[in-house]
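Trainee: Sharing a structure, written as structure tokens. Questions coming.
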Amino acid sequence: MPNIRGIYFMKKIVMIGKMNDMTKDIHDFLGKYFRMQLCMENPQNALGMVKVIEPDLVLISLVGLFDVNTVIFGRLQKEFPQMKFYYVGGECDYGHHKMLEVIEAGGYKILCVHGHEHNVQGTLDALIGEAKQHGCKVALYGHTHMYRTECIDGVYIMNPGAIDSPRGKNKPSYGVITIDSTGKLMMNIVAVQ
């Protein structure tokens, strides 16, 4: 198992989502490093799978879920209060969702936003300013559906692109951030065939 600071202790991952080619590609990639278990997005199935497997991480893939059943988030949080669940809302999401999360992983504070409230299609100034305001060295965003990784003014920026609806001439993609045992942060975009 790779010595990745912050996640090297993980052995079991449950991935919840629609069974499609994109989910299979993600499963196959992560399966090289972890024991993976796929589970359909039905909330009852997901709860049962998490109880039985007792995973170190639960991934919820929204690929192909155009009418996301957000009940799954609440049910998992209620049933497993010791586990952390993070997601942010976008401009097309219904209901009330957090629009910003700050999480910590591998010694880094990470800003997570969708990006529509930060005008990311024009400039990343507002995003970088928000990250600095919260003391974050990493800022993750989406909205444009176009992948991008770079370090601007001391803040690592990543947009993973989009698995199900990339824009421009981009292939479907997702992002991977690795923090090694020395604290070095690496960002990679993975194109899905």
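Trainee: Tell me yes or no: at least one residue of the range 20-39 is at pLDDT below 65, open to solvent by 50 Å² or more (accessible area, probe 1.4 Å) and in a loop (DSSP other than H, G, I, E, B).
Mentor: No: zero hits.
Trainee: Checking His143 against (1) in contact with a Lys or Arg (Cβ under 8 Å, 6 or more places away or on another chain); (2) assigned to a loop (DSSP other than H, G, I, E, B), which single condition isn't satisfied?
Mentor: (1)
Trainee: Any idea which residue in the range 150-174 is most open to solvent (accessible area, probe 1.4 Å), counting only those that are touching a Phe, Trp or Tyr at 6+ places or on another chain (Cβ under 9 Å) and closer than 14 Å to Ile110 by Cα?
Mentor: Tyr156
Trainee: Does Ile60 satisfy the condition of being modelled with pLDDT under 70 and either under 22 Å from Ile103 (Cβ atoms) or open to solvent by 20 Å² or more (accessible area, probe 1.4 Å) (or both)?
Mentor: It is true that Ile60 is modelled with pLDDT under 70 and either under 22 Å from Ile103 (Cβ atoms) or open to solvent by 20 Å² or more (accessible area, probe 1.4 Å) (or both).
Trainee: Can Glu130 be described as touching a Cys at 6+ places or on another chain (Cβ under 9 Å), open to solvent by 20 Å² or more (accessible area, probe 1.4 Å) and at pLDDT 85 or above?
Mentor: When the stated conditions are applied, Glu130 passes them.
Trainee: Against the condition surrounded by 13 or more Cβ atoms within 10 Å (Cβ to Cβ), among the charged types (D, E, K, R) and either at pLDDT 70 or above or touching a His at 6+ places or on another chain (Cβ under 7 Å) (or both), how does Arg75 come out, does it pass?
Mentor: When the stated conditions are applied, Arg75 passes them.
Trainee: How many residues are of a type in the set (Ser, Thr, Tyr) and part of a loop (DSSP other than H, G, I, E, B) if we restrict to the range 146-172?
Mentor: 2
Trainee: Mind checking which residues of the range 130-151 are in contact with a Leu (Cβ under 6 Å, 6 or more places away or on another chain) and of a type in the set (A, V, I, L, M)?
Mentor: The answer is Ala131, Ala139.
Trainee: Being among the charged types (D, E, K, R) and within 22 Å of Tyr86 (Cβ to Cβ): is that true of Lys137 here?
Mentor: yes
The values are calculated or read from the model by the stated rules, or taken from the named source; none is laboratory data. Values in this document were obtained by computation on a predicted structure and should not be read as measured data. Every residue, glycine as well, gets a Cβ built from its backbone with ideal geometry; the counts of neighbours run over all protein chains shown. To get the accessible areas, we keep the full protein, side chains included, count just its heavy atoms, and leave off ligands, DNA and RNA. Shrake-Rupley method; radii C 1.70, N 1.55, O 1.52, S 1.80 Å.
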